[in-house]
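Each remark here refers to the structure printed beneath this line.
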Amino acid sequence: MTAAVGAVMGLLPHVLHHVGLLGGAVFVTGATGNALFAVLGIVFSLPLLRRIYRRFGTWKAPGLALAVFALMFSLSAFVIGPAISGGDPAPGPVPVQTPDPAQHDSHHP
């Protein structure tokens, strides 16, 4: 079951880009994508958190596990992700200056 959930979570960004030209990108990029995957990560970790609670008999252990998840997710989303994506968008096209016709004729013999 854990492997199946991991496979689905790994394939989800790839599958979402097939939703449409911009549809998948909206769900996966920026704050929307970060929020979506944070919520999905917490929802899919609930069975694990319940199991940890039953094993230790206190909410401290699941709380610590959730804090570690939040820390690792934040590190991935706000530090590693921007570092590997380049951060700065590609510059737009640079306008080309057309020469004045009078200047063009001046350099011909």
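The values are calculated or read from the model by the stated rules, or taken from the named source; none is laboratory data. Since the model is a prediction, treat every value here as computed from it, not as a measurement. Here the Cβ positions follow ideal geometry from the backbone for every residue, glycine too, while neighbour counts run over all protein chains shown. Note: areas computed on protein heavy atoms with side chains; ligands, DNA, RNA excluded. Shrake-Rupley method; radii C 1.70, N 1.55, O 1.52, S 1.80 Å.
Scanning the stretch 55-73 for residues being of a type in the set (Val, Ile, Thr) and assigned to a loop (DSSP other than H, G, I, E, B) gives a total of 1. Summed over the stretch 52-75, residues that are open to solvent by 70 Å² or more (accessible area, probe 1.4 Å), within 17 Å of VAL39 (Cβ to Cβ) and aromatic (Phe, Trp, Tyr) total 0.
Residues of the stretch 49-69 that are without any contact (Cβ under 8 Å) to a residue 12 or more places away in the chain and closer than 26 Å to LEU12 by Cα: ARG51, ALA67, VAL68. State whether one or more residues within the stretch 2-13 are open to solvent by 80 Å² or more (accessible area, probe 1.4 Å), among the hydrophobic types (A, V, I, L, M, F, W, C), at pLDDT below 80 and touching a helix residue (DSSP H, G or I) at 6+ places or on another chain (Cβ under 6 Å). Looking through the stretch 2-13, none of the residues is open to solvent by 80 Å² or more (accessible area, probe 1.4 Å), among the hydrophobic types (A, V, I, L, M, F, W, C), at pLDDT below 80 and touching a helix residue (DSSP H, G or I) at 6+ places or on another chain (Cβ under 6 Å). Among residues of the stretch 34-48 that are surrounded by 15 or more Cβ atoms within 10 Å (Cβ to Cβ), those with a beta-carbon under 6 Å from a residue that is assigned to a helix (DSSP H, G or I) and among the aliphatic types (A, V, I, L, M) at least six positions away or on a different chain give the pairs ASN34/ALA77. Are any of the residues in the stretch 21-30 part of a helix (DSSP H, G or I), open to solvent by less than 90 Å² (accessible area, probe 1.4 Å) and modelled with pLDDT of 90 or more? No, the stretch 21-30 contains no residue that is part of a helix (DSSP H, G or I), open to solvent by less than 90 Å² (accessible area, probe 1.4 Å) and modelled with pLDDT of 90 or more.
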